[in-house]
1. Would you mind checking which residues have amide H under 5 Å from His147's amide H? H placed 1.01 Å from N; only 5 or more apart, or other chain.
2. Just from its helices, what would the mean residue ellipticity at 222 nm be for the chain, if runs of 4 or more DSSP H residues each count -39500 (n - 2.57) and the sum is divided by every residue, rounded to the nearest 500 deg cm²/dmol?
3. For the chain, report the accessible area per residue in Å² (1.4 Å probe, heavy atoms, rounded to an integer).
4. If you find the alpha carbon centre of region 27-91 and of region 138-192, how far apart are they in angstrom?
5. With a 1.4 Å probe and all protein chains left in place, how much of the accessible area of region 35-125 comes from carbon and sulfur atoms, in whole percent?
6. Rounded to the nearest 0.05, what FRET efficiency do Val237 and Lys146 have when you use their Cβ-Cβ distance and R0 = 35 Å?
7. Only bridges with both residues in the chain count here: give the DSSP antiparallel percent, nearest 5.
8. Which length gain, in nm to one decimal place, applies between Arg161 and Leu62 when the Cα-Cα distance is subtracted from 0.36 nm times their residue separation?
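The values are calculated or read from the model by the stated rules, or taken from the named source; none is laboratory data. Predicted model, so just to flag it, every value in this text is computed and none were measured. All Cβ positions, even for glycine, are placed from backbone atoms using ideal geometry, and neighbour counts span all protein chains on display. Heads up: the accessible areas ignore ligands, DNA and RNA and are worked out on the full protein's heavy atoms, side chains in. Shrake-Rupley method; radii C 1.70, N 1.55, O 1.52, S 1.80 Å.
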Amino acid sequence: MSAARDPRIGVITFPGSLDDGDALRAVATMGGTGVPIWHADPGLDDVDAVILPGGFSYGDYLRCGAIARFARVMDEVRSFAGRGGPVLGICNGFQILCESGLLPGALIRNRSLRFVCRRVHLRVETSQSVVTAGLVPGETVEVPIKHGEGQFVVRPDELERLEGEGRVVFRYAAPDGTVDDAHNPNGAVANIAGVRNAAGNVVGLMPHPEHAVDPDVGPTGGQPMFASLLAAAMSRV
């Protein structure tokens, strides 16, 4: 094991990323060291975890995330994830993870066909992931959303597998944890806001925890998510 140091969290910037700076700031606020990584870089610069941030990678041409999946750095991300490295995809990053095959399903236009931008509550469905290890299933956290293509869809057989394997990480819910259509902002199947891979080291979610760590500007539902991510990264230091 190397000498003690803060965990290094790589934040990948694609052409069109716009929340990479916010993700770096959230990492620093929560006690980590943010490492900017350009989409064309050949490696991940010895990081302990990776964040794919929100935005509009490559202008969202074709489909959201469809071009980013071919970025040079994504080969390294796949290898890193395959070795158990913590990977978090936020909003556009979630879309990229789905397009890359690292997570199942897809994100399509919101049911309303309108861009949504507001705060939502998420019910924690599992503590078995790199962003919820410090959370308790059933509790709720408040974070912002801002997306036009955030409706999570998946084949019925895949949904059954996700549910059966406990791979749903968050659902859109009321503040008291009630899950119903009234609190589904985009029409996502089963109110799903985030999912994980089978190992729990790769997580994608549409809401923006990086915008919810500073109590001076709003809710702090992102704090326990980043704390969990940093803890997972620290275990690799």
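1. Val116
2. Details: 5 runs with 50 residues, N = 237.
Mean residue ellipticity, 222 nm, calculated: -6000 deg cm²/dmol.
3. Numbers: 9680 Å² over 237 residues.
Per-residue accessible area for the chain comes out at 41 Å².
4. 23 Å
5. Working: 2120 of 4070 Å².
Reported share for carbon and sulfur atoms: 52 percent.
6. On the way: r = 33 Å, r/R0 = 0.93.
The pair Val237/Lys146 has a calculated efficiency of 0.60.
7. Working: 22 of 38 bridges.
In the chain, approximately 60 percent of DSSP beta bridges are antiparallel ones.
8. Working: separation 99, 0.36 × 99 = 35.64 nm, distance 2.83 nm.
The span from Arg161 to Leu62 would gain 32.8 nm if fully extended.
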